[in-house]
There are 2 protein chains.
Amino acid sequence: MTALPTSTNAAAIDELAASLGSKVSTDRGVRAARGHDRSHLPWEPPSAVVHCTSTADVSTALAICSRHGVPAVPIGAGTGLEGGANSTADAVCLDLSGMDGILRIGARDLDATVQCGVMKSSLNAALADHGLTFPVGPGVDASVGGMASTGASGTTAVRYGTMKENVLGLTVVLADGTVIKTGGRSRKSAAGYDLTHLFVGAEGTLGILTEVTLRVYGIPEATAVAICSFPTLENCTAVVQATLEAGVPISRVELLDDVTVDSVNRYTGLGLPVMPTLIFEFEGSPSSIAEHSSTVRALVDRHDGVGWDYADEPGRIGRIWRARHDALPSYAALVPGSSTWPTDVCVPISRLAECITLTKEDTDAHGVLAPIVGHVGDGNFHLAFVLPPGDENAVAAAAALNGRLVDRALSMGGTSTGEHGIGLGKTASLAKEHASALPVMAAIKKALDPRGILNPGKVLAG
Amino acid sequence: MTALPTSTNAAAIDELAASLGSKVSTDRGVRAARGHDRSHLPWEPPSAVVHCTSTADVSTALAICSRHGVPAVPIGAGTGLEGGANSTADAVCLDLSGMDGILRIGARDLDATVQCGVMKSSLNAALADHGLTFPVGPGVDASVGGMASTGASGTTAVRYGTMKENVLGLTVVLADGTVIKTGGRSRKSAAGYDLTHLFVGAEGTLGILTEVTLRVYGIPEATAVAICSFPTLENCTAVVQATLEAGVPISRVELLDDVTVDSVNRYTGLGLPVMPTLIFEFEGSPSSIAEHSSTVRALVDRHDGVGWDYADEPGRIGRIWRARHDALPSYAALVPGSSTWPTDVCVPISRLAECITLTKEDTDAHGVLAPIVGHVGDGNFHLAFVLPPGDENAVAAAAALNGRLVDRALSMGGTSTGEHGIGLGKTASLAKEHASALPVMAAIKKALDPRGILNPGKVLAG
């Protein structure tokens, strides 16, 4: 935590300071604050932090880092969960949180262009003035650039897709400081290689995203939610499969396992039945919501759902969503002083109930508390290992459980991460999942970043 | 058209024949038949055609071509419009049309895996048995692999997206014959570089797609269409913008310009008003269709639409769609013996009316007949140059108009092709559109195909 700059990056830092002046900081507190994300994964304070405010700043910084062979680690809001923004002592951290300009809102084209550091909440505040919204996003507020870099999604992917489906174009700074544009503003294009999708989800290892053009959407006329409980996880997934096959355009469908329901009951006093639980959200006109919710309710009844509780006014909607939104804080409250380690996998929905059941058996067998919530419509679920303070055995058990979770998902045709990304934490999982394609990823990395200075060690190990 | 194999590819062909036996043909008729797509662009019969029936065949063929440095040009249905499957005399053509196996239909997961040569119509026939459909697709029947390779879309992109949004995973044979898998079966993944999207739309220049896993959809309960006419193109785009902003989930919205309406009137006797015309399609339950069509009808009235004609039974629906489906054959009938040269661009929808208007002024000024249809919801439109037989001046005029069309689209923030791809025909357009990103595309090409044997000259010139 107290590593000092090496002589190599001392020269680079001198040059950065000469070019970017007071934007470059070697203050110890700043370096420590910007050296890591929210994960439990290893990090060191970088040798310097560059507070970038423009694409030109990023370009200048990368050109210097590249010349000196100094690693450059980008960070936005720092809300990642797999160490994707974690620094090492020899790195220069590019702090992009100051790139928070909303550059253009295209109300007639339902698109917007923002700097990478814009927070999702700020974007939505600005869009609201135009009757628009950007619905994609993880549970916590995050920067748009970070969301694009990790291929983030969240509860609304079942309706609106992930960042992959919603980024139309990018400004990217390459390893040597070259600035390129990918994609554009048209809704679709068949012009050349899809570099936009290559950089989205590459976690800053192929280039640094500085501007993002997004699809945006009209704010729905009305919203309603319904919560209900089921005897088994299989009932939950069967209802969701039937809903999707019927083409009912639900905007969210979230699963809470019995442990999560118990946890939020204790935390918020909601008094929900301690059973697998689904929360559905419907958007549209009041009459289409009435139709869609009634279709879903019939499917719920057919699959032994109980306690259907429906709300269409904001106060009651918010109360139902509390069961989901309070899940993570409620976990930490279960064990005083504990920390949580969230992980995620995604499987074909036909395997979801089985994957969750086997995973619960595994965590139970090892005495690890690990409640589950899931974006059922995508087959994506999250496990949060609750780690008592100072319990190294629990950490080791969680790591082993996480490894088996990934293996289980892969054996079912799934993926090692649906939305958290690879970062530092899942490089071995990626190597398993894409064994045949890994050399292609490595070849692309080498072609675009021959000196390996861009966020080294992330996505591709070593 | 009669070029003989060179000594280099004679050796390669001997080796191909030794490994793949009767799957290798040097028959002149076969070589001529499989050497080109439907475009007017240059081609030569390849030196041999390999009728591949498996990924292993493609792997064997590419390993041999790679060793000998012989170009390999893949072709499926041959329905491309930009020369993407056109051969040269020194190339070996890999005919993938025999790879027509439907490998798996995942009714519970709404996905399917097919060999690349499966035609969209065959896939949909097989899916129909499960109550499912794959809605993405161009106007003509095409192979799924070809559609994926060109990033195709069609009339339903406004609702279902393009191939980019609907390919979940791929089996790809690399230049040296290595077989890799990309993506998978989960609905989303944040695991590593998005190679699926890199290969989709790369037109066989980075690898050859042999198996494709697709999202599929439940067949909608009901369908309805409505046709109506407008005084100006601006009225048309304004209605569609308002529809999209209101979040009405139309499944199609097609524009026919006055020239097209006149052309189909002559061809089919439909008697439509010769004005800019929209055809809307609605899918869902009868009550949601009633609601959505009534919302759209109110927007149509507000934007001076006239002659609203609505149909919700198959015969009348088919009759309305004839105006669109007969457009291309009707153009050819306008001038006896003529051929048509279709091209496409895509712009932000706010610029669509202006782009079409300026394009019509340009074609009128040069005396070239070029009717227009468009997927308005995407900002994508097609021009079909009608070329009288043997009129070289018309060809030259069309080429110049096409160049100005692309420049106009680019100046409006659009793209040189929304769905036809780059192929041979638009390599110069791509270089203009993505001037800054072109070196990155070239670096990726070089990293994945160092000898440049995969479909050379397509996408990236030279």
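Observations
- Spin-label model, A:Ser22 to B:Ala298: label points 7 Å out along the Cα-to-beta-carbon direction sit 5.5 nm apart.
- Ranked A:Ser263, A:Ser19, A:Ser285, criterion: other C-beta atoms within 10 Å, fewest first: A:Ser19, A:Ser285, A:Ser263
- Nm distances between copies for B:Pro273, ranked from closest, using label points 7 Å along Cα→Cβ: 5.8
- Average 1/r across all pairs of distinct alpha carbons in the stretch B:301-402, invert it, and you get the Kirkwood radius: 15.4 Å.
- Mean shadow area of the protein assembly as shown over all directions, Cα convex hull, nm²: 37.1
- Compactness index (Cα Rg / 2.2 N^0.38 Å), the stretch A:358-462: 1.23
- Averaged over the residues of peptide B:278-284, the number of Cβ atoms from other protein chains lying within 10 Å of each residue's Cβ is 1.
- Diffusion coefficient of the stretch B:102-218 by Stokes-Einstein, Kirkwood radius over Cα pairs, 37 °C, 0.692 mPa s: 234 µm²/s.
- Relative contact order (percent, whole number), chain B, Cα cutoff 8 Å, 6+ residue spacing: 15
- Relative to the other identical copies, A:Ala290 shows label-point distances of 1.1 nm, where the label point lies 7 Å from Cα along the Cβ direction and values run shortest first.
- C-alpha long axis of helix A:438-448 to longest principal axis of chain A, angle in °: 40
- Each Lys or Arg adds one and each Asp or Glu subtracts one; over the other residues with Cβ under 11 Å from the Cβ of B:Gly247, this totals -2.
- Teacher prompt: B:Asp301 distances to equivalent labels in other copies, 7 Å Cα→Cβ, nm: 3.6
- Semi-axis lengths (Å, descending) of the ellipsoid that matches the C-alpha gyration tensor of the stretch B:222-328: 21, 17, 10
- Dipole magnitude for the protein assembly as shown: about 1220 debye, using +1 per Lys or Arg Cβ and -1 per Asp or Glu Cβ, origin at the Cα centre.
- In this entry, chain A is assigned a mean projected area of 21.6 nm², taken as a quarter of its C-alpha convex hull surface.
- Approximate spin-label separation B:Lys446-B:Leu270, in nm, with each point projected 7 Å along Cα-to-Cβ: 5.0
- 27 Å Cα-Cα threshold exceeded, pairs from A:Lys360/B:Lys188; A:Lys445/B:Lys458; A:Lys23/A:Lys181; A:Lys120/B:Lys426; A:Lys120/B:Lys446: A:Lys120/B:Lys426; A:Lys120/B:Lys446
- Subtracting the Cα-Cα distance of B:Ala400 and B:Ala365 from 0.36 nm times their residue separation leaves 11.4 nm of extension gain.
- MRE, 222 nm, helices only [DSSP H, n ≥ 4, -39500 (n - 2.57), over chain B, to nearest 500]: -11500 deg cm²/dmol
- Degrees between helix B:55-68 axis and first principal axis of chain B (Cα, 0 to 90, nearest 10): 60
- Relative compactness, the stretch A:221-416, computed as alpha-carbon Rg over 2.2 N^0.38 Å: 1.03
- The equivalent ellipsoid of the stretch A:7-98 has semi-axes of 20, 14, 11 Å, largest first, where each one is the square root of 5 times an eigenvalue of the Cα gyration tensor.
- Exposure proxy for B:Ile208, A:Ile250: other Cβ atoms within 10 Å of each Cβ, ordered fewest to most, give A:Ile250, B:Ile208.
- Positive dipole terminus of the protein assembly as shown, leading residue within A:Ser293, B:Val261, A:Ala398 (C-beta point charges): A:Ala398
- Computed from the alpha carbon positions, the gyration tensor of the stretch A:58-116 leads to an equivalent ellipsoid with semi-axes of 29, 15, 8 Å, biggest first.
FYI, it's all coordinate maths here, none of it is from the lab. The shown structure was predicted, so the numbers you read here are calculated from the model rather than taken from an experiment. FYI the Cβ positions are ideal-geometry reconstructions off the backbone, even for glycines, and counts take in every protein chain you see.
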